[in-house]
Amino acid sequence: MTERYLSILSPIFAPIRKYSIPLRERWEKLTARERSLLAIMLSLLALYLISTLLTSLFLDPYEEALSDETALKEEVQKASQISSHLRQIQSSINERSHLLSSDNAGFSLISYLEQEARHSQISTSVSQMTPRNLPSEGGYPSVMVSLHLEKVDLAHVLIFIARIQRAPHLLRITHISLERRFDQHDLLDVRIDVQTIQPS
């Protein structure tokens, strides 16, 4: 039976014997120094192959997981920024809603502009105030007043505009036109359109 197994395995080991004999002969011809160098080279090659194998087995999956973690952190950061932006929008909406609810139905844009004109020391320059109803915005009536000023200097106009911009009401300046007086070049004729939303 042993001879039978040997006859079966003989064709398999035949190529190995064919190449192993010349290699053995070459190995025996090498000097001790050459054998040491060859052993070192084979050891380095083995270390390289082992390192490559370990990298493919452990490091590549780790780097992939690390990349996924980085991408997840970026997504979380983006979500946090969006959430912060939404909170700012909500805060702005709440602030405007508070301003709108604080204005009672008796608020008069013309009266308010007259008051600010007195505080800005340009009430005597007001020649005309023309109110006009505009299409509603968000279900609330919108009102605009065109204010005409004559013979007013630029400094007082800027003070008046700044006071309107800081008003505790939902006011918006939609138009400003300035024309220099032909008879007094240091004075202006001014038109300012101011719009507001009022509770119904």
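What follows draws every value from the coordinates through simple rules; no lab data is involved. Quick caveat: nothing in here was measured; it's all calculated off a predicted structure.
In table form, for the structure just shown:
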read-out: Karplus 3J(HN,Hα) series, Hz, for the range 174-188 with 6.51 cos²θ - 1.76 cosθ + 1.60 (x for Gly, Pro); value: 9, 7, 9, 10, 10, 9, 6, 5, 6, 9, 9, 5, 8, 10, 10
read-out: Derived scalar couplings ³J(HN,Hα) [the range 146-158; Karplus, 6.51 cos²θ - 1.76 cosθ + 1.60; whole Hz; x for Gly, Pro]; value: 8, 9, 10, 10, 10, 6, 10, 8, 4, 4, 6, 4, 5
read-out: Net lengthening on full extension, Glu179/Ala167 (0.36 nm per residue, minus Cα-Cα); value: 1.8 nm
read-out: Long-range tail of P(r) for the range 109-197 (Cα pairs > 18 Å, %); value: 41
read-out: For the range 118-131, Karplus couplings with θ = phi - 60° (6.51, -1.76, 1.60), whole Hz, Gly/Pro x; value: 5, 5, 8, 6, 10, 4, 6, 8, 6, 9, 6, 10, 10, x
read-out: Net lengthening on full extension, Glu150/Ala32 (0.36 nm per residue, minus Cα-Cα); value: 31.3 nm
read-out: Amide H contacts under 5 Å for Leu187, placed H, 5+ residues apart; value: Arg181
read-out: Length released on extending from Val76 to Leu158, taking residue separation times 0.36 nm less the Cα-Cα span; value: 24.9 nm
